[in-house]
Amino acid sequence: MINAITHSQVYVLDQDEAVDFYVGKLGLEVTADADLGFMRWLTVSIPGHPERQILLEKPGAPAMSEETAQQVRELLTKGATGGSLIFSTDDCRKTYETLLGRGVEFTEEPTDRPYGTDCALRDPFGNAIRITQPKA
Amino acid sequence: MPTGRAELVEYRGDVTVDRAHRNHQLAGVVGRAAEQTNRRMLRARDAMDRAYAQPLDVPALARIAHVSEAHFSRIFRATFGETPHRYLQRRRVERAMFLLRETGLSATDICFKVGFESPGTFSRTFRDIVGRSPRAYRKEAVATDVPTCFTMAWMRPSA
């Protein structure tokens, strides 16, 4: 039967800007970056963990019409495409301070929750990101 | 050598292509402006979600969104389908629901903690929106153990 999640996808407005953010700020690494002609296949993952990749996909032709791509971009920037990533960390507060120092804008400061301690931010395009330190 | 007629057709063709191209470019510019406005309004909405217990500060939110104070509410409504005031009121009710479910704090403490100015306003607003008193909600509520961004997005009452 199915035994792993290998790829998840979020839409981005600009793939270079996405690399700057996901790699330059969050500290992920580029796992694949290939110009397939019809699309740029760009994935990132936790360093050393290529078994779980996030596809940073730019909406556009030929996958969808320019009109549809525009609708996707408008929903994305409203935070309404559903793009959502949850990462885990051993130390939420320390990670928060590190990322704050790199200029990441947070939407929630580290807070204790029933399931652990976590904080939240958005990527430059509108996708929601959470960083959770699970309860020990 | 093309006939006059063929030239005319070609010429018309060029005009059509040219116009389509211009319209496409124009749509692109309009689209990008909308995306930029949306993203800035989302940033302002995130700021409301972060500081929900504080009074609605339209000048500060307008600065975050790079729009004038006079236009902020209208653009917010056009973007998210409700006024900033209504959005914030329901965020406060959602956070109150969360505290009623997950903590043992008194309703009065919760009222002030989420930004209402009096227990009377809190009870009335809560009942109007949720259809039950805070006390009744607390008795019937079931704890939800999902990441907070989903709780906040899905449990904020829309009615």
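Adding -39500 (n - 2.57) for every DSSP H run of four residues or longer, then dividing by how many residues the protein assembly as shown holds, sets the calculated 222 nm ellipticity at -16000 deg cm²/dmol. In a reduced charge model with +1 at each Lys and Arg Cβ and -1 at each Asp and Glu Cβ, the protein assembly as shown shows a dipole moment near 1440 debye about its Cα centre.
Simple point charges give the picture: +1 on the Cβ of Lys and Arg, -1 on the Cβ of Asp and Glu, and for chain A a dipole about the Cα centre of about 360 debye. Divide the volume of the convex hull around the Cα atoms of segment B:30-159 by the residue count and you get 108 Å³ per residue.
Pairs from the list A:LYS94/A:LYS135; A:LYS25/B:LYS113; A:LYS58/A:LYS135; A:LYS78/B:LYS139; B:LYS113/B:LYS139; A:LYS25/A:LYS78 with a Cα-Cα gap above 25 Å: A:LYS25/B:LYS113; A:LYS58/A:LYS135; A:LYS78/B:LYS139. When the charge dipole of chain A is built from unit charges on Cβ atoms (+1 for Lys and Arg, -1 for Asp and Glu) and taken about the Cα centre, the candidate among A:THR43, A:GLY116, A:LEU75 whose Cα reaches farthest toward its positive end is A:GLY116.
Rg and Dmax over the alpha-carbon atoms of the protein assembly as shown stand at 23.6, 90 Å.
Between 0 and 90 degrees, rounded to the nearest ten: what's the tilt of helix A:66-77 against the longest Cα principal axis of chain A? Long axis of A:66-77 versus the principal axis of chain A: about 10 degrees. Direction-averaged projected area, Cα convex hull, chain A: 9.7 nm², rounded to one decimal. Within 10 Å of the Cβ of each residue in A:70-80, the mean number of Cβ atoms contributed by other protein chains is 6. Each peptide in A:9-17, A:64-72 receives the mean, over its residues, of other Cβ atoms within 10 Å, and ordering these scores from highest gives A:9-17, A:64-72.
Note on B:49-59: average number of Cβ atoms from other chains within 10 Å of each residue's Cβ is 1. Taking amide H atoms as placed 1.01 Å from N in the peptide plane, the amide H of A:THR107 lies under 5 Å from those of A:ALA120, A:LEU121, A:ARG122, each 5 or more residues away in sequence or on another chain. Take each residue in A:121-127, count the other chain C-beta atoms within 10 Å of its C-beta, and the mean is 2. Here's how it looks for A:GLY116: its modeled amide H is under 5 Å from those of A:LYS135, which are all 5 or more places away or on a different chain.
Laboratory data are not the source of any read-out in this text; all were calculated from the coordinates shown. As the structure is a computational prediction, the values presented were derived from the model and not from experiment. Using ideal geometry, Cβ is built from the backbone for each residue, glycine included, and neighbour counts are taken over all protein chains shown.
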